[in-house]
Amino acid sequence: MSDFPALTALILAGGQSSRMGRDKALLSFQGVSFLENICLIAQDCAVQVSVITPWPERYELIIPQCCQIIKEPLPTRGPLLAFALGLTFVSTDWVLLLPCDLPLLRSSIIQEWSRLLATVPENAMASVPRCGNRWEPLCAFYHRRCLASLQTYIKQGGTSFQKWLNAAVVEELIIDNSEILFNCNTPEDLEIIINYPDINRKKTYHKRE
């Protein structure tokens, strides 16, 4: 990892999985649970990996031993506040934020993206992919200096990643293949990813809040 900056990876595993009807983190793809898979990917790219969840006992046996668990208080208040909590545990300059439900993501892709962080302007607080006019904030890089801005926004009642990022200096992370952002939110999504290798012909990935 010497040719790209030290990263802390924060993995969000606090969603209700209401559209899926069962816990997405525990779904299996190619013999590995979604959560374990994303942890293993993050380990290849980061010096520290933490899972943010209100249910540590649910996941402690499936995540790699070297991953930390940050307990999110119940009731959960969404991914933005979970991210803010995770940021308070970070010591590296750059943070990689990931959801647990990106089964097509690969460590080689993250490593390629992370090499671009050296080109991010000093006044930018994040490097984030876009889909049209919306950010994809849950698979993105954030500089830890964004914490003060984030905490201020939350104190003002903010909960939307989109509004927070739209008010900040953010570098767009250009991605060549949108299928890596395919996230499984419904049983139909899971069937697609299992049965159809060329998912770009079947589905446009869900937009993140």
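The values are calculated or read from the model by the stated rules, or taken from the named source; none is laboratory data. Quick caveat, the model's predicted, so the values are computed rather than measured. For neighbour counting, all protein chains shown are included, and Cβ atoms are generated from backbone atoms with ideal geometry for every residue, glycine included. Remember, those area values only see protein heavy atoms, side chains included, never the ligands or the DNA or RNA. Shrake-Rupley method; radii C 1.70, N 1.55, O 1.52, S 1.80 Å.
A few points about this structure:
- Under the Karplus curve 6.51 cos²θ - 1.76 cosθ + 1.60, θ = phi - 60°, whole-Hz ³J(HN,Hα) for the range 37-43, x wherever Gly or Pro sits: 4, 5, 5, 5, 5, 5, 4
- The chain - mean residue ellipticity at 222 nm from DSSP helices (-39,500 (n - 2.57) per run, n ≥ 4, rounded to 500): -7000 deg cm²/dmol
- Each other residue within a Cβ distance under 13 Å of residue 95 adds +1 if Lys or Arg and -1 if Asp or Glu, for a net charge of +1.
- Length added when fully stretched, residue 43-residue 118, from 0.36 nm per residue minus Cα-Cα: 24.9 nm
- Once divided by 2.2 N^0.38 Å, the Cα radius of gyration of the chain becomes 0.96.
- Expressed as a whole percent, the accessible surface of the range 28-127 that belongs to carbon and sulfur atoms is 51, based on a 1.4 Å probe.
- Of all aspartates and glutamates in the structure, the ones whose alpha carbon falls short of 18 Å from that of residue 155, not counting any fewer than 8 places away in one chain, are 72.
- Student exercise, the chain dipole from Lys, Arg, Asp, Glu Cβ charges, in Debye to nearest 20: 620 debye
- Fully extended contour minus Cα-Cα distance, from residue 91 to residue 168, at 0.36 nm per residue: 25.5 nm
- If the segment from residue 32 to residue 144 were pulled out straight at 0.36 nm per residue, it would be longer than the present Cα-Cα gap by 37.2 nm.
- Longest exposed-site-free window of the chain, the sites being trypsin sites (Lys or Arg not before Pro) in a DSSP loop that have at most 16 other C-beta atoms within 10 Å: 146-201
- Taking θ as phi - 60° and the Karplus parameters 6.51, -1.76 and 1.60, the scalar couplings of the range 149-164 work out to 4, 5, 5, 4, 4, 5, 4, 7, x, x, 9, 9, 4, 4, 5, 4 Hz in sequence order, x denoting glycine and proline.
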